[in-house]
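The values are calculated or read from the model by the stated rules, or taken from the named source; none is laboratory data. Here the structure is a predicted model, which means the values were calculated and not measured. Ideal geometry is used to build each Cβ from the backbone, glycine not excepted, and the neighbour counts take in all protein chains shown. Surface areas here come from the heavy atoms of the whole protein model, side chains and all, with no ligands, DNA or RNA. Shrake-Rupley method; radii C 1.70, N 1.55, O 1.52, S 1.80 Å.
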Amino acid sequence: LNVTEEKFVLDTLAGCIAYKSLLDVVVNAFFVRDGKYCLVSERNLYIVICYLATFQLEELGLQHFSRIVKSLDTAKMQKFLRFFFNALYLNTWIKDEWSRFYDSLYVKENWIDPLLRWQPKVQQLVEQLTDKLSNPTTTVKTSTVTQPKKFNLTVPKPRAIPIPRPIPVLEKRPPAPSSTYKPPKEKKQLEEIKTKNRQKAEVSVLCSCSSLSFLLTCFFCNVPFSQVFKLYLKRIWADNIPIKLNAAAILREGALYQRKMEQELKRIENLLQGAGDPSEFLEWQKQMRGKDLEEQLAEIECRRLQGKLSHEEAVLAHQNVTQENKKKAELMREEKAELMQQYAEKRLQEQQEMRELVEQVVEGHKNAKQAKIKLQKYKQQIVQEVCEENRELLRQALEEEEEKLRKRYELIQQIRAIESLPRLRHKFVDLTETGGHGLICEMSIVELRERLALLKEAQKAAEEEKRDQIIHEKQAKEQLLLDKLDQICLFRAELGRAAALKQEEKKRKPQSGERPVKDERILNLQKKIVEKKMERKKQAGLL
């Protein structure tokens, strides 16, 4: 920057700092009301424009101020100037807020009245910015075409052809051992052991008698229930398999087996007293459920085929709509070509009018250039005088601040010196004496320690007693769980044998062949689907 511009920038910066409280009132209100979507990083830009409009508009003049505003973003300046030069805002809350910092009469005469005088002219500037936003003009820049030139490069020398190196011959690798592709022997041995154990288990299950015969024998011999349960557990003790379960699972499964045992005994007792066997009813119930299941499967198949039929119909409808859309697209292409031709002719005419307008504006700028140079010299002289006055005021303010800081530093040094003086804080305490506060429960520290020791001993004895009680309860609970676990293992072994016998009986029964049964509705729907598929393929061939 030259001297005049540097002085103007420094004076503007000093003014923005000196009147920061006034400018913050306007800028903060602008961000709250009209500038909600403006960036916070542009705050300093609005502060500078507000300072120039309030304090420097008389010196700069409207033309120079307009040039500064037009060099910035048009939308932002239009929004801020429309907000700041609102006559209602200036006469009401802006005047009231500035009167909190300065005298109200001074504010009205020196700042509010000049802004109101400039308000009509600034309003014209705002209207110009609004017109510029509504009618943006694009200037076409003509650039000279760059003519390429050849580089003056040195011609490289031809390279010598290198002698080819001999290709090394790799040694033949030994083949992979045949054991890599064979399964390990251990796996085969484990499978053999597993099959042998399975066969042994099946033989032992077939040789052992069923649990029902054992229970009937005990019942006819008038053996009590508790003794029957013990004899039953001893009988299948040899086939026990250890199972890891938690306490809740053991108790739950033990109660389940106990309940099953009671139900079995009750059923046997009812049979002995002449009650009927519900096996026929259960067989009839099973057949009826099978019929219901077949009907449900047929209904599901019908729904699936109906959905497939709906899909085929939707595909046919989609193909018809596609054909109609193609016809509409061809008509729209023809209309679009006509509109594009009309738009191109209109665009050429607008470009010709724009070129003529640019030539007229360039001629007007040439005549106004000399008047701008004279005005600029006059303004530079005024700015230099104002800068000298501002510098003197800044120097006086800096001297006053330095004096205040020096006094404050001396006061802090004195306070620190007083705080650094040593203090005597020794106090002798007798632990056998009381505090002397006049309370009934008052005691010395020695007595307090003795009482705390007695309380700790009593608490320790109570904890030991509680620990012994918990250990006894835990042992009793573990014994109960072990007993339940033994019962569960025995019941599981017996249930496994019964399941093996049932599986063997199923294998012996002849397997009945299944015959597919189809509903007439399903056959009709399948025929319709085949017809729709053929129609869709014909339609696709035509497309």
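Applying the criterion of being open to solvent by 70 Å² or more (accessible area, probe 1.4 Å) and free of Cβ contacts under 8 Å to residues at least 40 places away in the same chain to the residues of segment 261-275, the residue that is nearest to residue 479 (Cα to Cα) is 262. Sub-6 Å Cβ pairs linking a first residue in segment 180-209 that is closer than 25 Å to residue 503 by Cα to a second residue that is open to solvent by 100 Å² or more (accessible area, probe 1.4 Å) and modelled with pLDDT of 85 or more, at least 6 apart or interchain, number zero.
In segment 310-319, the count of residues that are open to solvent by 70 Å² or more (accessible area, probe 1.4 Å) and in contact (Cβ under 8 Å) with a residue 60 or more places away in the chain is one or more.
When 349, 381, 360 are screened for being open to solvent by 80 Å² or more (accessible area, probe 1.4 Å) and more than 60 Å from the chain's Cα centre (by Cα), only 381 passes.
Residues in segment 68-99 that are open to solvent by 50 Å² or more (accessible area, probe 1.4 Å), farther than 17 Å from residue 30 by Cβ and either at pLDDT 90 or above or of a type in the set (Ser, Thr, Tyr) (or both): 71 only.
With respect to the numbered conditions (1) exposed (fewer than 10 other Cβ atoms within 10 Å of the Cβ); (2) of a type in the set (A, V, I, L, M); (3) touching a residue at least 60 places away in the same chain (Cβ under 8 Å), which one is the sole condition not fulfilled by residue 418? Failing condition for residue 418: (3). Considering every residue within segment 141-159, establish whether at least one is at pLDDT below 85 and closer than 30 Å to residue 65 by Cα. Within segment 141-159 (the criterion being at pLDDT below 85 and closer than 30 Å to residue 65 by Cα), the answer is yes, since at least one residue qualifies. Do we have residue 48 as at pLDDT 85 or above, within 37 Å of the chain's Cα centre (by Cα) and within 20 Å of residue 118 (Cα to Cα) here? No; evaluated as a whole, the condition is false for this residue.
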